[in-house]
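Note sheet for the following structure.
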Amino acid sequence: MALRWRTAAAAGLALAMPLLALDTAELRSTGVQEGGAAGGVRFVTHNIDGELASGYQPVVADLNRDGRPDVIGLSTRIGELAWYENPGWERHVLATGLSRSINAAARDLDGDGIPEIALAHEFGTTHASSLGILSLLTHAGDPRQPWSIREVDRTPTVHRIRWADPDGSGRPVLVSAPLSGPAAEPPEYRDAVPVYWYRPDDWRRRTVTDAGQGVVHGLLVKPWRGGPGDAAFTASFTGVHVHRYLDGEWSRETVAAGDPAPWPASGASEVEVGRLGERDFVATIEPWHGPQVVVYREEAGSWERRVIDEIGSGHTIVTADFDGDGRDEIVTGDRGDTRRLNLYAAADADGASWSRQVLDEDMSPSGCAVADLNADGRIDLICIGGRTANLKWYENATP
């Protein structure tokens, strides 16, 4: 697929430039077309850390109780976990002596206004290579000083963790998705993979599902379609599934099978959900660490798959209404050789076609998050780059 690019960047400002038209066959396969939201979404780029080797995940949370969201920058290679204080982005070390940290999640469990931090570390892709430690970090009064850390469980290949309120009670639980099962070996990774959940009052391991197969790479926690609380979405070799907690039990429903290619090039790697007005959509990266940016729209009771772009190696995907038009945009990018961060905007109210906007050509996004960092009422973007070794805040400057 031959794509031609036009980009503009001045004084740190990312501007929308129309994607030039593809030929008819390409349009049918990708759904990307010329044009998009008038003027596009505009961001001012701020470097939070330009020397963060193997950056993997940003976590946004107010860590010092000043009402301003701060940013945790997780690296898989550095043996410490650090946070950056908003607004000057001074770096503070949370914990040292860590190895192969892979995911973190922050939630205030004791009501003191400062979140506790769950951390997955000692990661490996198989059980033989992974201790899979799940720990909890707590502050000792001054969040700028090192936090205490205690191990709460070990599940080999622990990979994705998210806090959730599955029953709407306001009592958070932690959902944990290991990457692969006990007998899984590359390249096939054939085995069942469980998803676990924990109540923080006892940290007893409970099971959401044991029906996952292959590699479970993506985990998303968000409200979904009027349920009493949060739903948990997974992306794996067998596609996208949504898990809901009702009447004391978890249910599992298939949303989409993902890439129809033969195993192990099948399924999905990352999942997000968004809205176009009153209409839901599901966005994915397919297959595992794959190149396809995919949008699913519900048509006649089933989810229609449309590949809107191919990017190289996708590893993160987020959605938000950055321009306030009532339609969520999609942000993802290539963490591989291209090192490019893209935004996709629906070109129509149904999401039948999308336009692409290049936000940054010095970002290999391993992870992104969305939040209003400067309290101006506009949603900002925060991304961390592995190959580019950087952590950036993209301040929303859309008029």
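Bear in mind that the values in this text are calculations on the coordinates, not laboratory data. For clarity, every value in this text was computed on a predicted model and none was experimentally measured. Heads up, the Cβs are rebuilt from the backbone with ideal geometry, glycines too, and the neighbour counts pull from every protein chain shown.
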Query raised in the report: Given Cα pairs under 8 Å that are at least 6 residues apart, what percent is the relative contact order of the chain?
Result: 15 percent
Requested in this report: List the residues whose amide H sits under 5 Å from the amide H of Arg42, counting only those 5 or more places along or on another chain, with H placed 1.01 Å from N in the peptide plane.
Outcome: Ala397, Thr398
Query - Most positive-pole-ward Cα, Val59, Gly212, Gly168, against dipole of the chain from beta carbon charges - result: Gly212
Query raised in the report: Taking θ as phi - 60°, what are the ³J(HN,Hα) couplings along the stretch 240-249 by the Karplus curve (6.51, -1.76, 1.60), each to the nearest whole Hz, with x for Gly and Pro?
Result: 9, 10, 10, 10, 10, 9, 9, 6, x, 9
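In the neighborhood of Tyr245, defined by Cβ-to-Cβ distances under 10 Å, what is the net charge if each Lys or Arg adds +1 and each Asp or Glu adds -1?
Every neighbour counted, the sum reads -4.
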Report task. Once you have the Cα-Cα distance between Asn47 and Asp247, take 0.36 nm times their residue separation minus that, and quote the gain in nm to one decimal. Result -> 67.4 nm
Query raised in the report: Taking the Cα centre of the stretch 79-153 as origin and charging only Cβ (+1 Lys, Arg; -1 Asp, Glu), how large is the dipole, in debye to the nearest 20?
Result: 240 debye
Report task. Please give the peptides 183-194, 360-371, 87-98 ranked by average Cβ packing (other Cβ atoms within 10 Å per residue), highest first, as a rough proxy for protection. Result -> 360-371, 183-194, 87-98
Requested in this report: Would you pull out the residues with amide H under 5 Å of Gly258's amide H, same chain only if 5 or more places away, H placed 1.01 Å from N?
Outcome: Val240
Query raised in the report: What does the charge add up to near Ala106, with Lys and Arg as +1, Asp and Glu as -1, over the other residues with Cβ less than 12 Å from its Cβ?
Result: -2
Requested in this report: Highest first, please rank the peptides 121-131, 281-291 by the mean number of other Cβ atoms sitting within 10 Å of their residues.
Outcome: 281-291, 121-131
Report summary line: Any residue on another chain or 5+ positions along whose placed amide H is under 5 Å from the amide H of Leu74 is listed here as Tyr56, Gln57, Val59
Query - For Val331, Val44, order by how many other beta-carbon atoms lie within 10 Å, fewest first - result: Val44, Val331
Report task. Return, for the Cα atoms of the chain, the radius of gyration and Dmax in Å, separated by a comma. Result -> 20.0, 61
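Order these peptides, 335-346, 202-213, by their mean beta-carbon neighbour count within 10 angstrom, highest first.
Highest to lowest by the protection proxy: 335-346, 202-213.
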Query raised in the report: What residues from the stretch 123-148 fall in the zone where the backbone N is under 16 Å from a label point 7 Å along the Cα-to-C-beta line of Ala183?
Result: 127-128
Report summary line: Zone reached by a paramagnetic label modelled 7 Å from Ser302 Cα along Cα→Cβ, restricted to the stretch 212-248 with backbone N below 19 Å, covers 238-242
